[in-house]
1. Could you please state, rounded to a whole Å, how far the C-alpha centre of region A:43-82 is from the C-alpha centre of region B:77-136?
2. With everything on Cα atoms, drop me the angle between helix A:89-98 and the longest principal axis of chain A, reported from 0 to 90° to the nearest 10.
3. At B:Leu123 and A:Ile52, where each label point lies 7 Å from the Cα along Cα→Cβ, what is the point-to-point distance in nanometres?
4. Taking 31 Å as the cut-off for C-alpha to C-alpha distance, list the pairs among A:Lys91/B:Lys34; A:Lys21/A:Lys91; B:Lys5/B:Lys140 that go past it.
5. Cβ under 12 Å from A:Val111's Cβ, A:Val111 left aside: what net charge do those residues give with Lys, Arg +1 and Asp, Glu -1?
6. Over all distinct Cα pairs, what is the inverse of the mean 1/r for region A:26-75, reported as the Kirkwood hydrodynamic radius in Å?
7. At 7 Å along the Cα-to-beta-carbon direction for both B:Thr109 and B:Ser50, put a label point, then send me their distance in nm to one decimal.
8. Give the angle, between 0 and 90 degrees and rounded to the nearest 10, that separates the Cα long axis of helix A:44-64 from the longest principal axis of the Cα atoms of chain A.
Amino acid sequence: MIESGDGKGSKPSSYERIVLKNASEYYYLKIHLEFEEVGISLNAFEFKQLIISALKQLHGEVGAALPVDVLSYEEKNLFAILRVPITGLVKLWSALTLLDTYQNRKCAFRVIQTSPFLLALAGNSRELVLD
Amino acid sequence: MVRFKNRYFLCEIISEDLHFQQSIDEWAVHNTVKNVVARMHGDFGLACCSIAFSVKYLNAYTGIVLLRCRKDFHRLLWSSLPFITHLESRNERYRCSFNTLHVGATMRTCQKFLIHHNRNQLLVLLRNCTSEADRQAIQKSVQSCKFVGEEQYNSEDEESKDEESDDSMK
């Protein structure tokens, strides 16, 4: 699975090369919930409930049983990071895309970044300001 | 040559309800299966399974039903069938369950399997029967079923061939 270092000699090398040969187990998504109106807030439970109801609508009970985790959620600006097994990524993404209302108010999920590595979501190259 | 590939599900409906036989029809089975697919796999699954989905054959007396759907999505239908708990027909609910006997690519293979299966069931009955009269009756039907079955099989074989060519024309 992980091939590390070039094992010449016994002294520790200064850098380590890591090669992942299989696809990683989980995928991470950074998402943003947008409302047409302003001033709507929902807590983490309602947020997770919304995602599960979207999955249930599009993919039924099988979809609702997907192990989706909300790793972080910011209530102020409705940003969240989700973790999902790689086999359920397409299901989750399609369900998020097709969600359109929350309590009869129009809303939309924007998927900002996706990555198999959580650390990759720390920075966004699209937000870099170049001189 | 290119054609649409289908999968045929040969299922038996198991029910202990006495009025079950008189009240089921193809439309009831059709609705029940579609509802359960919608419940298990949502809008997406329902849309996938609805392509070319149909109830090809229903025998209310033996409870045998033959369902057709596209090959690409047959696993969606397959995984939903065990979750059927009742059939709804004429505003009444009948408790039942579906037992998938065979999944075939053509109606002909399903028919072959069904004849084979029914013949085996007769032998099981013969082994388990208690009274002498029963035993003789079953032995008789085993013998007759071979002869009639073969004949019937040949004639129906041609029919199913015709149907297949019809399907491939579509």
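1. Region A:43-82 and region B:77-136 have Cα centres spaced 41 Å from each other.
2. Relative to chain A, helix A:89-98 is tipped by roughly 30 degrees.
3. The two pseudo-label positions are separated by 5.0 nm.
4. Result: B:Lys5/B:Lys140 exceed 31 Å.
5. Surrounding charge for A:Val111 is +1.
6. 12.2
7. 2.9
8. Tilt relative to chain A: about 90 degrees.
No lab work stands behind these numbers, since they all come straight from the coordinates. Computed from a predicted model, the values in this text were never measured in an experiment. So basically every Cβ, Gly included, is an ideal-geometry build from the backbone, and we count neighbours across all protein chains shown.
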